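The values are calculated or read from the model by the stated rules, or taken from the named source; none is laboratory data. Since the model is a prediction, treat every value here as computed from it, not as a measurement. Ideal geometry is used to build each Cβ from the backbone, glycine not excepted, and the neighbour counts take in all protein chains shown.
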Amino acid sequence: MFKGAIVAIVTPFKNGKVDEGKLRELIEFQIANGTDGIVPCGTTGESPTLSHEEHDRVVEITVEAVKKRVPVIAGTGSNSTAEALRLTKHAHEVGVDGALMVCPYYNRPTQEGLYEHYKFIAENVSIPIIVYNIPGRTGVNLLPETLARLAKIPNIVGTKEASGSLKQMHDVISLCGPDFAVLSGDDFFTYPLLCLGGHGIISVVSNVAPADMAALVDAFAAGDLKKAKDLHFKMVPLIDSLFIETNPVPVKAALAMMGKIDYEVRLPLTKMSEGNYEKLKKVMMTYGLIK
């Protein structure tokens, strides 16, 4: 089962191209700080603007760099089932441990369409699949009842739940059972979801503060609820600042402030407004991530 503090890692760019060297350095930074898994080519990895060749290469680099030290869960979702199947097959062939598959976006399938989409891919690739539900980006909410149907398919093993509803997270846990990995898709809900019986987080904030997010889930698992709660409250201002504009723009700005990557995003994303950049910088300084 996938669990713990898993990072949705950024894709660093330099002069418009994927910066392979910086990506490898970010992976080492994550593993050194206790991160439990790496997700390349997710939303935070700017997957919508990666070419197919870039997408494949980022997954390959991640597998090469991680060297089986932690699980690699590649983002392989698409609003085209055929395209999602191709991406998932490639990820499986190069040795990832799982696939993170976002609900088909823009074409807004029914619940039956969502079920058939995931069922088709699961039947054609034996890789463990995590279903990624993020209605705010896809325009469709995969309901707990539909997910419970999908959970009966052997290689659909979990969900990244980013509906923003604790009630929905509760219902997923209730309907899918304790062996189905329920991971938060929103850093703020990590601690509350653990309290409900969830299994961890696929995190944005782990890009800049991996040790603290790993410590939160580890403390909870060890029964130290006070430490986990204290870390939750410590991270909330940082979490808020990293979502002051569209993800992953602020987290890339933060990593650039830390000297870890160049501050580059791809259109239609643009750099932060000056005012928001300064707000983020102040929080980063207060948190102790930069001087």
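Results, tabulated for the structure shown:
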| read-out | value |
| --- | --- |
| Any chance Val10 is over 23 Å from Asn155 (Cβ atoms), in contact (Cβ under 8 Å) with a residue 60 or more places away in the chain and in contact with a helix residue (DSSP H, G or I) (Cβ under 6 Å, 6 or more places away or on another chain) | yes |
| Looking only at region 183-194, and only at residues there that are part of a helix (DSSP H, G or I) and touching a residue at least 40 places away in the same chain (Cβ under 8 Å), the one that is farthest from Leu26 (Cα to Cα) | Tyr191 |
| Residue match in region 253-269 (condition: among the hydroxyl-bearing types (Ser, Thr, Tyr), modelled with pLDDT of 95 or more and surrounded by fewer than 21 Cβ atoms within 10 Å (Cβ to Cβ)) | yes |
| Unmet criterion (only one of (1) without any contact (Cβ under 8 Å) to a residue 24 or more places away in the chain; (2) touching a Gly at 6+ places or on another chain (Cβ under 8 Å); (3) not basic (Lys, Arg)) for Pro128 | (1) |
| Hits in region 1-59 (condition: in a strand (DSSP E or B) and either under 20 Å from Ala209 (Cα atoms) or in contact with a strand residue (DSSP E or B) (Cβ under 8 Å, 6 or more places away or on another chain) (or both)) | Gly4, Ala5, Ile6, Val7, Ala8, Gly37, Ile38, Val39 |
